[in-house]
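The values are calculated or read from the model by the stated rules, or taken from the named source; none is laboratory data. Source: prediction; values computed, not measured. Cβ placement follows ideal geometry from the backbone for every residue including glycine, while neighbour counts extend to all protein chains displayed.
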Amino acid sequence: MSAPAPAAPWVDWTALWQIIVLAVVAGAALPALFAAGLRALRPGGRRAAAAGPDGSTAVTAGLAGIGVAGLCFAVVLAAAGWGIYAIVSGA
Amino acid sequence: MGNDVLLALVVVTALSFDFTNGFHDTGNAMATSIATSALPPRVAVALSGVLNLVGAFLSLSVAATIASGLVDTGLVTLTVVFAGLAGGISWNLLTWLLGIPSSSSHALIGGVIGSTLAAAGGHAVQWHNLFAKVIIPAGLSPVVAGLVAALGTWWIYRISRSLSDSARNRGFRIGQIGSASMVSLAHGTNDAQKTMGVITLALIVNGTVPATASAPFWVILSCALAISLGTYMGGWRVIRTLGKGLVEIESPQGMAAESASAAVILLSSHFGYSLSTTHVATGSILGTGVGRKGASVRWNVAGRMATAWLFTLPAAAAVGAGAYGLASLIGGSAGVLADLALLIAVAGTIYWKSRQTPVGHDNVNAEWAGSVEPVAVPAAA
């Protein structure tokens, strides 16, 4: 994008805020999505195990849960793949 | 000109630096995975070593040289390069002995700047670029990485709070291994290139290859092997400080930290900043301690590291300048050989000291009692 000119400014604010925004998306939102995927695989989790009145503890995910989880993990994997592509193509 | 004996010495020394770069930085990628037992220690360093090797070959655009834009390369000689490398290696070894994760890139840059200063004076250094491209980004990057990691950690714990601890740890260990692998790959790409750049610079200075040449294949191959082997040796002292000393880490935090590191390193290099992996990784690990409720951050350990970071450039520069001074005092190849003898003696002494309190794969995760972290002393030249 912004090729650093010979007389580069002390701080390239444009690059800085772009790095911050993109890093929040790639470095914080993606792991959060991974967490959402894990949670979708185990609906209820600890709470269901504690509060099952009839003794049944629903720990396994339904079809919808597995679908949501799969989607989350697919997005995370795709982003990682894109990152590797970015390295190879020369950042 | 052209002095092939001297050139060979410079190449071997550069590869030695690359090796210390590898083992000094294993912890950046793998310390969190080792601390949370996501990976057995020896598997972790082997994985990181392989990924560094792959990473070194991945990028098709081999950076010109680390020195271009920072020093006037027209004034650089083989002796200057050698003395700079001696400064970088000395600082890397000393900080490794003290278990301080300090920047290998800064050690190299500092060493080369010091020897250039001694050889050609202040006008040969491009101070503005040094600040704009090295020092200011170095100050900002750990803060950005820390903020991203803190935010990621907070989100992860909020989203996954309904999971049982065992389910959560199992899931995040997988995520942790994946994100740590990305950091290893990025490290191989970024850091191996720095040594490739130095060797290429030496080849150009010696007239072996034309000034516009990019790194020959044997340079890429040998640098990739050196950094990979260094990584595999595992700088256990630094791994211990990063994984156990700063923050007590759980696997969700490990994933948050490594994801933040990978994102910041890759994005910054996309924008043309070659950051220190170490600064970013340390910032991320601190951030993940801040982002989890109830996690305690040992700010005194962090403060000691930050102090060492401040000293890295000037200390490596002082050694680089001293090495150049000694070499030019004696003169010619004999001067460089005297430097080399001194460097080997220093390295041997540091290795011997390290054997007195060995840290290895077997005790890297031992409880932190404030032990492998002595006072940060600026290196004596």
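When the residues of the range B:177-203 are filtered to those that are out of contact with any Gly (no Cβ under 7 Å at 6 or more places or on another chain) and within 8 Å of chain A (Cβ to nearest Cβ), the one that is surrounded by the fewest Cβ atoms within 10 Å (Cβ to Cβ) is B:Gly178. Screening B:Pro314 against (1) within 19 Å of B:Ala138 (Cβ to Cβ); (2) touching a helix residue (DSSP H, G or I) at 6+ places or on another chain (Cβ under 6 Å); (3) not polar (S, T, N, Q) leaves a single unmet condition, (2). Scan the range B:309-330 and give yes if some residue there is at pLDDT below 90, within 18 Å of B:Gly84 (Cα to Cα) and surrounded by fewer than 19 Cβ atoms within 10 Å (Cβ to Cβ), otherwise no. Checking the range B:309-330: not a single residue is at pLDDT below 90, within 18 Å of B:Gly84 (Cα to Cα) and surrounded by fewer than 19 Cβ atoms within 10 Å (Cβ to Cβ).
I'm trying to understand the selection: among the residues of the range B:162-176, which are at the interface with chain A (Cβ under 7 Å from one of its Cβ atoms) and either surrounded by fewer than 17 Cβ atoms within 10 Å (Cβ to Cβ) or of a type in the set (A, V, I, L, M, F, W, C) (or both)? B:Ser162, B:Leu163, B:Ser164, B:Ala167, listed by residue number. Checked against the criterion of being touching a residue at least 12 places away in the same chain (Cβ under 8 Å) and farther than 18 Å from B:Leu39 by Cβ, the candidates B:Gln176, B:Gln193 yield just one match: B:Gln193. Just give me the residues in the range A:19-34 being facing another protein chain (nearest Cβ under 7 Å), within 16 Å of B:Thr288 (Cα to Cα) and of a type in the set (A, V, I, L, M), in sequence order. Scanning the range A:19-34 gives A:Ala23, A:Val24, A:Ala26, A:Ala28, A:Leu30, A:Ala32. Counting only helices (runs of 4 or more DSSP H) that fall entirely inside the range B:33-127 and contain at least 3 residues that are among the hydroxyl-bearing types (Ser, Thr, Tyr), the qualifying elements are B:78-97, B:104-120.
For the subset of the range A:37-66 comprising residues that are at pLDDT 85 or above and crowded, with 19+ Cβ neighbours inside 10 Å, which member is farthest from B:Ala132 (Cα to Cα)? For the range A:37-66, the residue satisfying everything is A:Leu41. For beta carbons closer than 6 Å, sequence separation of 6+ or different chains, a first residue in the range B:26-47 that is surrounded by fewer than 24 Cβ atoms within 10 Å (Cβ to Cβ) and a second that is not in a helix (DSSP H, G or I), the qualifying pairs are B:Thr36/B:Ile249; B:Pro41/B:His361; B:Pro41/B:Val364; B:Arg42/B:His361. Could you tell me whether the range B:277-294 includes any residue that is more than 11 Å from chain A (Cβ to nearest Cβ) and touching a His at 6+ places or on another chain (Cβ under 6 Å)? Yes; the residues of the range B:277-294 include at least one that is more than 11 Å from chain A (Cβ to nearest Cβ) and touching a His at 6+ places or on another chain (Cβ under 6 Å).
When you look at B:Ala150, is it in contact (Cβ under 8 Å) with a residue 60 or more places away in the chain, more than 7 Å from chain A (Cβ to nearest Cβ) and of a type in the set (A, V, I, L, M), yes or no? Against the criterion (in contact (Cβ under 8 Å) with a residue 60 or more places away in the chain, more than 7 Å from chain A (Cβ to nearest Cβ) and of a type in the set (A, V, I, L, M)), B:Ala150 qualifies. Selection of the range B:230-275 for residues being more than 10 Å from chain A (Cβ to nearest Cβ) and of a type in the set (Phe, Trp, Tyr) yields B:Tyr232, B:Trp236. Can you confirm whether B:Gly111 is more than 14 Å from every other protein chain (Cβ to nearest Cβ), within 15 Å of the chain's Cα centre (by Cα) and closer than 30 Å to B:Trp368 by Cα? Answer is no for this residue. Of note, B:Ile113 does not satisfy the criterion of being buried (at least 24 other Cβ atoms within 10 Å of the Cβ), closer than 19 Å to B:His187 by Cβ and either touching a residue at least 60 places away in the same chain (Cβ under 8 Å) or small (Gly, Ala, Ser) (or both).
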